[in-house]
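The values are calculated or read from the model by the stated rules, or taken from the named source; none is laboratory data. Not measured: the values here are computed from a predicted model. Virtual Cβ from ideal backbone geometry, glycine too; neighbours counted across all protein chains shown. Ligands, DNA and RNA are excluded from the accessible area calculation, which covers all protein heavy atoms including side chains. Shrake-Rupley method; radii C 1.70, N 1.55, O 1.52, S 1.80 Å.
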Amino acid sequence: SPSKFLSAMGAVGLTGYFGLLEVAKPQAGETLIVSGAAGAVGSVVGQIGKIAGCRVIGIAGGAEKCRRLIDDYGFDVAIDYKGKGVQQLGDEIAAAAPGGADIVFENVGGDVMDAELLNIAKKARIVLCGLISEYNAPEKVGIRNLWRVLVQEATIHGFLIMDFAPRFAEGGAKMAQWMAEGRLRTDEDVQEGLENAYAIFMRLFTGANTGKLVLKIA
């Protein structure tokens, strides 16, 4: 489908591909935490993490999204963040990753990131890809557990996919191969009508979309 060039083989899927493989550089046996894990980027990151041999923990909002992480995307653990403060969420992450996370692929920020920072391993790599919880917040929450980066000698790497635009053909070919082999699943939420563009766009910020949000106009 041509829409795959807007999702798995476009900037969204390749954000997961290059952000994990080229920035985080996962190694087999490491623990990877992905926030916003049921989204178009997060679901790709988790699946590529499994291909790379990582143990993958996904954080998502709601029981249905957590079910999809396990059943559809093959994550090892799914954690629902809804209705939980930093400490409770941090405790659940600690139970799932008693040795700490070697890699955090961050799409959410705020309380979720604070809980993750309580559970990073020594020399952890944090890929800062998005802060979706902060974009429309009337008051910015910010990160309060940044001290964990210091004591665990971790690294935070701000990541923008545009830096890898010259290599899109390379990444797209690999993504297509994994999809053809049945190793990578990508879902799309196709909505219709240019007149609905604003309302459809806002679905991104409520978590209403399931998979990559695509607007069909013709």
Of GLY61, GLY53, which residue is at pLDDT below 95 and not aliphatic (A, V, I, L, M)? GLY61
Among the residues of segment 10-40, write down those that are more than 16 Å from ASP163 (Cα to Cα) and aliphatic (A, V, I, L, M). ALA28, LEU32, ILE33, VAL34, ALA37, ALA38, ALA40
Which residue is farthest from ALA154 (Cα to Cα), if the candidates are limited to segment 103-132 and must be open to solvent by 60 Å² or more (accessible area, probe 1.4 Å) and touching a helix residue (DSSP H, G or I) at 6+ places or on another chain (Cβ under 8 Å)? ILE132
Right, VAL149: outside any strand (DSSP E or B) and surrounded by 16 or more Cβ atoms within 10 Å (Cβ to Cβ) or not? yes
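The rows are residues; the columns are (1) in contact with a Pro (Cβ under 9 Å, 6 or more places away or on another chain); (2) in a loop (DSSP other than H, G, I, E, B); (3) surrounded by 17 or more Cβ atoms within 10 Å (Cβ to Cβ); (4) not aliphatic (A, V, I, L, M).
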residue	(1), (2), (3), (4)
PHE164	no, no, yes, yes
GLY171	no, no, yes, yes
MET175	no, no, yes, no
GLU195	no, no, no, yes
LEU213	no, no, yes, no
Quick test of your reading of the structure: ARG185 fulfils all but one of (1) of a type in the set (Lys, Arg); (2) assigned to a strand (DSSP E or B); (3) buried (at least 16 other Cβ atoms within 10 Å of the Cβ). Name the failing condition by number. (2)
Answer from VAL108, VAL86, VAL127, VAL104 - the residue that is in contact with a Gly (Cβ under 7 Å, 6 or more places away or on another chain), over 18 Å from THR206 (Cα atoms) and hydrophobic (A, V, I, L, M, F, W, C): VAL127
Determine, yes or no, whether LYS140 is open to solvent by 20 Å² or more (accessible area, probe 1.4 Å) and assigned to a strand (DSSP E or B). no
